[in-house]
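The values are calculated or read from the model by the stated rules, or taken from the named source; none is laboratory data. Note that the structure is a prediction, hence the values are computed from the model and not measured. So basically every Cβ, Gly included, is an ideal-geometry build from the backbone, and we count neighbours across all protein chains shown. Heads up: the accessible areas ignore ligands, DNA and RNA and are worked out on the full protein's heavy atoms, side chains in. Shrake-Rupley method; radii C 1.70, N 1.55, O 1.52, S 1.80 Å.
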Amino acid sequence: MLAVAVLLSLQDNPFAPADFEKHVRFLASTEMKGRDLGTAEGRKAAQYVADRFKELGLKPGGKDGYFHGFTARNLEGRNVVGLLEGESAAEFLVVAAHHDGRGVVEGKIQPGADDNASGVAMVLELARSFQGTKPRRSILFISFDGEEKGLLGSREFVKSGLYDPASIAAMFVFDLIGGDFFPWEKSRIYALGSEYSAELFDRVGRLAGASKDLEVVRSGVTLLEPFEGMARSDYQAFRSKEVPFVFFSSGTPWYYHTEHDTIDVINLEKMVKAARFVRGVIVETARDEKRPVFRAAVRVEGDAANLLRTLRVVLNRQEELKLTAKQREAVVNSLSDLGGESPDVKKLQQAAVVLFNVARSQGKP
């Protein structure tokens, strides 16, 4: 009965574009100067998250109230941790994003609206949707600092022992969840890393199949990790402790790590759809008696087909995308590499890099 009550309560808390917009607009404002680690604006971003956690009724979950301060590489940062107590005080889910940005680069502010004010907005609005509920597992809503300097905040959080990694049943992280990787991906997000847990892999796939207004592409996170030891977001420290995870993103579009990452690039309607989908994944994981089990990553059979599909669209729209001769050649070569039976991981990674490079060259003013 409790699980039903939780779900019904969540349905009474619909998401709205304006709710996401207000967070992104504040965090990505000119006054926040890109929220670089160790700056006054970075500390202000952390305080903003802590104030929202307090308003939402989350309990302080850090070492110092809502804050988990750390020093790494002679840099000081502050993670922000809010706790929603569940029936179990011994098991947690982590719902996270990073609030820091790159600050001012070569004299230009990089506002970081998508990277990663969008992720913070997702965490805050998901937390709001859980108000008044008590899931089976407790939930830690976390905003990490120092991601842009090498995933520092999440590494220090896991290393600190503030929460035993063995007590964390699963981790869900958002990074660049507000944009469109290609212009035609207005209703598409990517769910990466669920292959490290059979339970999460099946759950994400089943809910993605049932989604009516959002295309969720379930992919292997290794597509984004062409170099050994590489990780693209704050899931890495949790993965190293064998915590199952899912990394949600809409990709790294043309404005990634530039001064053009402003509120104007955010697809607020897609964020609403993504929040509804992710909430379903979290609700089921929070209430399921069976805890997700970490495993060695398995090959995601759909990866090759998804890459082939996107490469073909890129080739068909090459004039619209203004592909260079070199880009066209790379796309054609990738199509050939993936055309055979069961292409290896390196070929999949190379195709992903080709798509990344094409996307990065689009839309620039």
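Any idea which residue in the range 117-153 is surrounded by the fewest Cβ atoms within 10 Å (Cβ to Cβ), counting only those that are basic (Lys, Arg) and either under 12 Å from the mean Cα position of the chain (by Cα) or within 17 Å of PHE92 (Cα to Cα) (or both)? Working first, answer last.
Applying the first criterion (basic (Lys, Arg)) to the range 117-153 yields 128, 134, 136-137, 149.
Of the ones still in play, those that are also either under 12 Å from the mean Cα position of the chain (by Cα) or within 17 Å of PHE92 (Cα to Cα) (or both) are 134, 136-137.
Working: LYS134: 15, ARG136: 18, ARG137: 23.
Step by step, filter the range 117-153, then rank; the result is LYS134.
Being over 11 Å from VAL80 (Cα atoms), at pLDDT 95 or above, among the β-branched types (Val, Ile, Thr) and under 19 Å from the mean Cα position of the chain (by Cα): is that true of VAL49 here?
Criteria not met by VAL49.
Look at the range 58-78 and say how many of its residues are open to solvent by 20 Å² or more (accessible area, probe 1.4 Å), modelled with pLDDT of 95 or more and part of a strand (DSSP E or B).
8
Residue-by-condition table, conditions (1) at pLDDT 95 or above; (2) more than 19 Å from TYR190 (Cα to Cα); (3) in contact with a helix residue (DSSP H, G or I) (Cβ under 7 Å, 6 or more places away or on another chain):
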residue	(1), (2), (3)
LEU223	no, no, yes
MET230	no, no, no
TYR235	yes, no, no
VAL265	yes, no, yes
ARG276	yes, no, no
VAL281	yes, no, yes
ALA286	yes, yes, no
ARG295	yes, yes, yes
VAL298	no, no, yes
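Under 7 Å between Cβ atoms, at least 6 apart or on separate chains: pull out the pairs that start in the range 249-276 with a residue that is within 27 Å of GLU106 (Cα to Cα) and end on any residue that is basic (Lys, Arg) and assigned to a loop (DSSP other than H, G, I, E, B).
TRP254/LYS364; HIS257/ARG102
One residue is enough: does the range 145-167 have a residue meeting the conditions in contact with a strand residue (DSSP E or B) (Cβ under 6 Å, 6 or more places away or on another chain) and in a strand (DSSP E or B)?
no
Considering (1) in contact with a Pro (Cβ under 7 Å, 6 or more places away or on another chain); (2) modelled with pLDDT under 95; (3) among the aliphatic types (A, V, I, L, M), say which one LEU10 fails and leave the rest.
(1)
Against the definition (modelled with pLDDT of 95 or more, among the aliphatic types (A, V, I, L, M) and open to solvent by 30 Å² or more (accessible area, probe 1.4 Å)), how does VAL81 come out, yes or no?
Numbers: modelled with pLDDT of 95 or more: yes; among the aliphatic types (A, V, I, L, M): yes; open to solvent by 30 Å² or more (accessible area, probe 1.4 Å): no.
It is false that VAL81 is modelled with pLDDT of 95 or more, among the aliphatic types (A, V, I, L, M) and open to solvent by 30 Å² or more (accessible area, probe 1.4 Å).
Under 6 Å between Cβ atoms, which residue pairs at least 6 apart in sequence (or on different chains) link something in the range 200-229 that is touching a residue at least 24 places away in the same chain (Cβ under 8 Å) and within 18 Å of ARG295 (Cα to Cα) with a partner that is of a type outside the set (A, V, I, L, M, F, W, C) and open to solvent by 20 Å² or more (accessible area, probe 1.4 Å)?
From residues that are touching a residue at least 24 places away in the same chain (Cβ under 8 Å) and within 18 Å of ARG295 (Cα to Cα), the pairs are ARG203/GLU284; VAL204/ARG218; ARG218/GLY205; SER219/TYR190.
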